[in-house]
Amino acid sequence: MAELAQDVVTWETVEPGITVVTLQRPPANALGIPLLDGLHLAMDAAEKAGGVKVMVIGSALPGFFAAGADIKHLSTIDAETFTAYGDRMREVNDRLAAAPWISIAAVDGVALGGGLELAMACTLRVAGPGGRFGLPEVKLGLIPGAGGTQRLPRLVGRGRALDIMLTARQVEAEEAFRIGLVDRLTDGPATEAALAWARGLLGPSLPAQLAVVRTVDAAFDLPLAQGARYEVDQIQALFEDGEAAEGITAFVEKRKPQFR
């Protein structure tokens with residue numbers, strides 16, 4: 001029986017502004033076409049519904065966030081199909097990274113290969129005590145191909161990124177937190193911690209939050225002077241579209257701001 005995208009990825013609005021996306025493709029959430037299509041459907045639904053400020057991505061499978069590319073699928077395809085499959089993975093990650101909301105990867109268990117690349121495409125990452133991370137593609141005679149070689153060094157630095165990728169080793173949650181691969185640790189379920197984090201993100205202005213993310217990301221790509229100019233442009237845009245005016249007026253009037 002063919003797998004359906006909506007069977008291996010589900011999503012729900014758990015409270016206003018927060019959508020939880022759950023991966024559930026046994027045994028390990030391998031990133032086959034149905035799961036990738038399901039992630040697109042989840043993002044389609046969030047865009048159509050509107051009002052999403054935070055998207056939490058987690059797993060229903062104990063011990064696994066996502067174990068990476070679908071190796072069985074790779075073993076049956078030719079070079080042309082391999083290219084198309086890689087493009088599909090990159091499209092999901094790039095769309096998630098550019099989405100008009102904040103995303104949090106809730107990692108309980110293994111996030112390897114494409115699974116780690118998916119987590120790194122999220123704005124933020126939280127790991128439970130069983131979280132394990134790695135990009136082991138060199139063991140297959142490959143390299144990470146869905147953003148891993150680019151996003152990992154930006155998070156942990158060149159040397160640490162090379163260590164992780166060249167040795168193909170798995171990084172446990174505490175080390176991942178220490179080197180900046182994940183942003184928060186929790187002693188309990190990562191999804192619960194991610195939801196608590198999401199609630200704390202609901203109050204501020206989403207346009208301002210997304211401007212912060214864009215500006216910080218630009219710091220890794222632009223010379224300092226250009227990055228500072230980009231920062232000015234982002235501030236100016238927030239004044240011009242009225243978001244900053246609402247925040248400032250609400251502060252003066254001692255009321256809760258009505259952000260978009």
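The values are calculated or read from the model by the stated rules, or taken from the named source; none is laboratory data. Predicted, not measured: the structure shown is a model, and the values here were computed from it. Glycine also receives a Cβ, built like all others from the backbone with ideal geometry; neighbour counts cover every protein chain displayed.
Among the numbered conditions (1) surrounded by fewer than 20 Cβ atoms within 10 Å (Cβ to Cβ); (2) modelled with pLDDT of 95 or more; (3) over 23 Å from VAL9 (Cα atoms), the only one that SER205 does not meet is (2). If you check GLY68, GLY51, GLY63, GLY38 for being assigned by TED's automatic domain parsing to the domain that holds LEU23, in contact with a strand residue (DSSP E or B) (Cβ under 6 Å, 6 or more places away or on another chain) and under 24 Å from VAL14 (Cα atoms), only one passes: GLY38.
Return yes when PHE239 is within 30 Å of THR13 (Cβ to Cβ), assigned to a helix (DSSP H, G or I) and not aliphatic (A, V, I, L, M) and no when it is not. Give the derivation first.
Numbers: within 30 Å of THR13 (Cβ to Cβ): no; assigned to a helix (DSSP H, G or I): yes; not aliphatic (A, V, I, L, M): yes.
Considered against the rule, which asks whether it is within 30 Å of THR13 (Cβ to Cβ), assigned to a helix (DSSP H, G or I) and not aliphatic (A, V, I, L, M), PHE239 comes out as no.
Between ASP187, ASP217, the distinction of being farther than 14 Å from ARG125 by Cβ and outside any helix (DSSP H, G or I) belongs to ASP187 only.
Residues that are within 18 Å of the chain's Cα centre (by Cα) and part of a helix (DSSP H, G or I) were ranked within region 164-184; the one that is farthest from ILE18 (Cα to Cα) is ILE179. At least 1 residues being touching a residue at least 12 places away in the same chain (Cβ under 8 Å), under 26 Å from GLY130 (Cα atoms) and among the aromatic types (Phe, Trp, Tyr) is the threshold, and among the strands (runs of 3 or more DSSP E) wholly inside region 50-120 those reaching it are 64-66.
Out of all the residues in region 132-187, which are over 22 Å from ALA30 (Cβ atoms), hydrophobic (A, V, I, L, M, F, W, C) and out of contact with any Pro (no Cβ under 7 Å at 6 or more places or on another chain)?
Just the residues of region 132-187 that are over 22 Å from ALA30 (Cβ atoms), to begin with: 150, 153-163, 166-167, 174-175, 177-180, 183-187.
Applying the additional criterion that residues be hydrophobic (A, V, I, L, M, F, W, C) yields 155-156, 161-162, 166, 177, 179, 185.
Of everything in region 132-187, those that are over 22 Å from ALA30 (Cβ atoms), hydrophobic (A, V, I, L, M, F, W, C) and out of contact with any Pro (no Cβ under 7 Å at 6 or more places or on another chain) turn out to be LEU155, VAL156, LEU162, LEU166, PHE177, ILE179, LEU185.
Is it true that ALA218 is free of Cβ contacts under 8 Å to residues at least 24 places away in the same chain, among the aliphatic types (A, V, I, L, M) and either closer than 30 Å to LEU116 by Cβ or not assigned by TED's automatic domain parsing to the domain that holds CYS122 (or both)? Answer is yes for this residue. Whether any residue in region 11-29 is charged (D, E, K, R) and exposed (fewer than 14 other Cβ atoms within 10 Å of the Cβ) is what I want to check. So far as region 11-29 goes, yes, one or more of its residues are charged (D, E, K, R) and exposed (fewer than 14 other Cβ atoms within 10 Å of the Cβ).
Among the residues of region 1-18, those identified as without any contact (Cβ under 8 Å) to a residue 40 or more places away in the chain and under 16 Å from the mean Cα position of the chain (by Cα) are VAL9, TRP11. Being modelled with pLDDT under 95 and polar (S, T, N, Q), is that true of even one residue in region 158-167? The answer is no, given that none of the residues of region 158-167 is modelled with pLDDT under 95 and polar (S, T, N, Q).
The one condition from (1) surrounded by fewer than 21 Cβ atoms within 10 Å (Cβ to Cβ); (2) modelled with pLDDT of 95 or more; (3) under 30 Å from PRO207 (Cβ atoms) that GLY51 does not meet is (2).
Test of understanding: among ALA161, ALA193, which residue is farther than 11 Å from VAL107 by Cβ, of a type in the set (Gly, Ala, Ser) and not in a loop (DSSP other than H, G, I, E, B)? Before the answer, list the steps.
Values: ALA193 fails: farther than 11 Å from VAL107 by Cβ.
Just a single option satisfies the conditions, and that option is ALA161.
Rundown of residues vs (1) surrounded by fewer than 18 Cβ atoms within 10 Å (Cβ to Cβ); (2) charged (D, E, K, R), yes/no style:
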residue: GLY159; (1), (2): yes, no
residue: ASP163; (1), (2): yes, yes
residue: ALA176; (1), (2): no, no
residue: LEU181; (1), (2): no, no
residue: ARG184; (1), (2): yes, yes
residue: LEU195; (1), (2): no, no
residue: ALA198; (1), (2): no, no
residue: VAL212; (1), (2): yes, no
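Only one of VAL182, VAL138, VAL212 is assigned by TED's automatic domain parsing to the domain that holds ALA66 and either of a type in the set (Lys, Arg) or closer than 30 Å to GLY51 by Cα (or both). Can you tell me which?
On the way: VAL138 fails: either of a type in the set (Lys, Arg) or closer than 30 Å to GLY51 by Cα (or both); VAL212 fails: assigned by TED's automatic domain parsing to the domain that holds ALA66.
The match here is VAL182.
I'm trying to understand the selection: among the residues of region 127-152, which are assigned to a helix (DSSP H, G or I) and either out of contact with any Gly (no Cβ under 9 Å at 6 or more places or on another chain) or of a type in the set (A, V, I, L, M, F, W, C) (or both)?
Here is the first cut: in region 127-152, the residues assigned to a helix (DSSP H, G or I) are 137-140, 148-152.
VAL138, LYS139, LEU140, THR149, GLN150, ARG151, LEU152, listed by residue number.
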